[in-house]
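Structure first, commentary second.
Derivation of every value follows stated rules applied to the coordinates shown; laboratory data play no part. All figures in this text were calculated on a predicted structure; none of them were measured in a lab. Methodologically, a virtual Cβ is constructed for each residue, glycine included, from the backbone with ideal geometry; neighbour enumeration extends over all protein chains shown.
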Amino acid sequence: MALDAAPLLWGLLLLGIPLAIHLLMKDRPKELRFPTLRFLKEAAKDEARRLRLRHLALLLLRMFLLAAVVTAAARPKVRMGAGEAGKDSPVDAVFILDDSPSMTLAKGGTPLLEEAKVRAARAAEDLPVGSRFSLATRTRGPTPFTLRPVSFAGEVATVGVDWAGGPLDPALARSRALVRDREDTSRPAEIYVFSDGTRGSLTPQAFPGWPEDLPVRYVDLSEESPPDFSIEGLALSASEVLPGSTVEVRGFLRAERASGERVLDLAIDGRVVESRLVRVEEGSREPFSFSLAAPTPGPLRGEVRIREHDSLAANDARFFAVLVRPSSGVAVVLDEAAYLAERAPPGLFPLLLALDPSQDGRRFRRLAIPESELAERDLSGLQVVVVPDVPLVEEAWAALRRYVAEGGALLVLPGPGTAGAGAGGTTYRTPSALEILPAEVVGAEPFPEPVGLAGVLADHPALAAFDAGANGDLLAVRFRTVLRVAPHPDSTVAAIFAERDLPAWVERPYGKGDVVLFAGGCHPDWTTFPRELSFVPFLQEALRYLTGERRAATDFPAGGEAEVSLPSPGTGLRLVVVGPADLSREIALPKDRPAARFALDEGPGHYGYVVTSREAVEGGPFPIRGAVAANVSPSETDLDRLDAGELASLLGPSGRALEGGRAFRAELAGGESWVSLVPLFLLLALAAITAENWLSNFFHK
């Protein structure tokens, strides 16, 4: 038998109290000298003997009652079953709690992580007296060993969900190192893992070379995988758009171990704006889509969620953010003569007409830049730079290379003024031009007879607007001369000419931006394009594509970090972030850093940010308001479980998988368990009270 509170046995000294009371209150028979009472002496002696027996019985019952109460307070327990030698000796125990998002699964209304915390605290109390405890999670600990179960329970209570998730391999490795590096190795060591048995909780790399004298007990808290509906594969047609644009929100509703209908809600800034009823069969997924209008500049915080949450709420919603930018600044590079004359040459007039505010002033802000100033010009506030038939030197191309690398877009429209220079090795063959252009320029290619476009990618965002003759017929455009190019391997050819399948539209991402080369150009000496009805819509769609479809990173994994670009690195910038918990924090920005990072440590949801500058000027880009979305990785909410054989194979000979529903210590001891004797001693105390009361009444009748 063992005692959880052995010092309380000092209370047995209180047994002397009933004995002292008995001795002090003992009746002494009075000596009577009347001769007439002599015949009663013998009767008195007999009565005294009977009284002594009665008082002794009451004394023993009262002492037994007091002993039973004191012993019950000491919490006695006894091991049942055939135990192993040394089970009562103290141990060094490391408790590893799985704090991944899948542990938010609710079983009976209680998340598995909360159940793991309760069971770990109770298991620590159940270990032999003198044991030491340590706590670890995937990213925390293990903590130094402590002898105090109460202190350990306090540390367990502070464990929260690590939304980044991941396997428990790092925690196992650190716990193994803690045990190995102990100064006091007199106690045997054990590691207990509390997890949900999902495939993501352990990997085969966790246990190779594991020492056989370090047992691992894996406590499986989830006996089976419950039915689960989840949203996955959420994607946006664009994450950075202009006012008036439409964003398509697409995704899938998946059902595991169940089938049925679910209502999906599209919410913007917390308000439901549209709903869908989607039916999905077990083990499959069903697509859904929403259309979202982007009204005014600023961030849109969106969410697609299942209206009725199931037991795993972490995958019932997916968050997204859309940045609605102000009207785009588009710069057209002009040669010096045209810029000084303040008029467009014949080859550029159709291009400037397409950018005229009367055509679509809401979307574009036109700006002319002389080619002589391009190398020194600050291009950071522009969304697109258009380089028509204007020769450029290496310094100008280097400025364009830096601009595109930081997220700008470049549209190149060749013509007779640059084709010859390209063949001669100047305009399109400088080092910076060769680096950013999507194709290597060979030279001008004249045709005996005008040719048209032979093929256009119908699903290309800029060219889809001309499908079925909408906005004019691109295939009716004729080209007498084009620029012959050889696309790079990482480039995309979206349109070709009918003659020898020469590339017409070639694009390529570079850094954070894009470069598009239209080999047909827009010069009247080369093509009839400027006279066609499709020309203005073509240029506008190309610019919308380059401004509205840029790749803006607004979706990041919860628990990780987000990165946002800064328009002009400097010392006067200030970044303030507000997360899902409405906690405001200021992020320090190192000097001359082009991007800012901040932690997404408040869980899934939206993180809004504001960038301000002490050196801001009127009309400048500040303040910059934006938002990013943090979502739980789909792999972290996958409830597919390891079966018993797989788990045993992972744990190896030193491990044992324990079922969450059975007695913890009974499992650890191989069938043994500690049985508390407190109820027995309380029952004996109650019996003693009853007997003492009955005897008192019986003796005093």
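Mind computing the radius of gyration and Dmax over the alpha-carbon atoms of segment 466-546? Å is fine for both.
12.9, 35
Give me 492, 71, 158, 690 sorted ascending by neighbouring Cβ count inside 10 Å, so fewest comes first.
Neighbour counts put them in this order, fewest first: 158, 690, 492, 71.
Taking every DSSP beta bridge with both residues inside segment 228-325, roughly what % is antiparallel (nearest 5)?
95 percent
In segment 223-316, what is the volume of the convex hull around the alpha carbon atoms, normalised per residue and reported in Å³?
Given the Cα convex hull of segment 223-316, per-residue volume reads 93 Å³.
Specify which residue in the list 288, 230, 268 is farthest towards the positive end of the charge dipole of segment 228-325, using unit charges on the beta carbon of Lys, Arg (+1) and Asp, Glu (-1), about the Cα centre.
Result: 268.
Hey, can you grab everything whose amide H is under 5 Å from the amide H of residue 238? Only 5+ residues off in sequence or another chain; H modelled, so Pro and N-termini drop out.
When sequence neighbours closer than 5 places are left aside, the close amide H contacts are 248.
For segment 295-301, just list the computed ³J(HN,Hα) in residue order, Karplus coefficients 6.51, -1.76 and 1.60, θ = phi - 60°, integers in Hz, with x standing in for Gly and Pro.
Values per residue, Gly and Pro as x: x, 10, x, x, x, 10, 9 Hz.
Quick query: amide H of residue 603 versus all other amide H atoms, modeled in the peptide plane; which residues come in under 5 Å with a sequence gap of 5 or more or a different chain?
559
Going by amide H atoms built from the backbone, whose H comes under 5 Å of the H on residue 504, apart from near neighbours?
495, 496, 497
Grab the Cα-Cα distance for residue 368 and residue 289, subtract it from 0.36 nm times how many residues apart they are, and report the gain in nm with one decimal.
Stretched fully, the residue 368-residue 289 segment lengthens by 24.4 nm.
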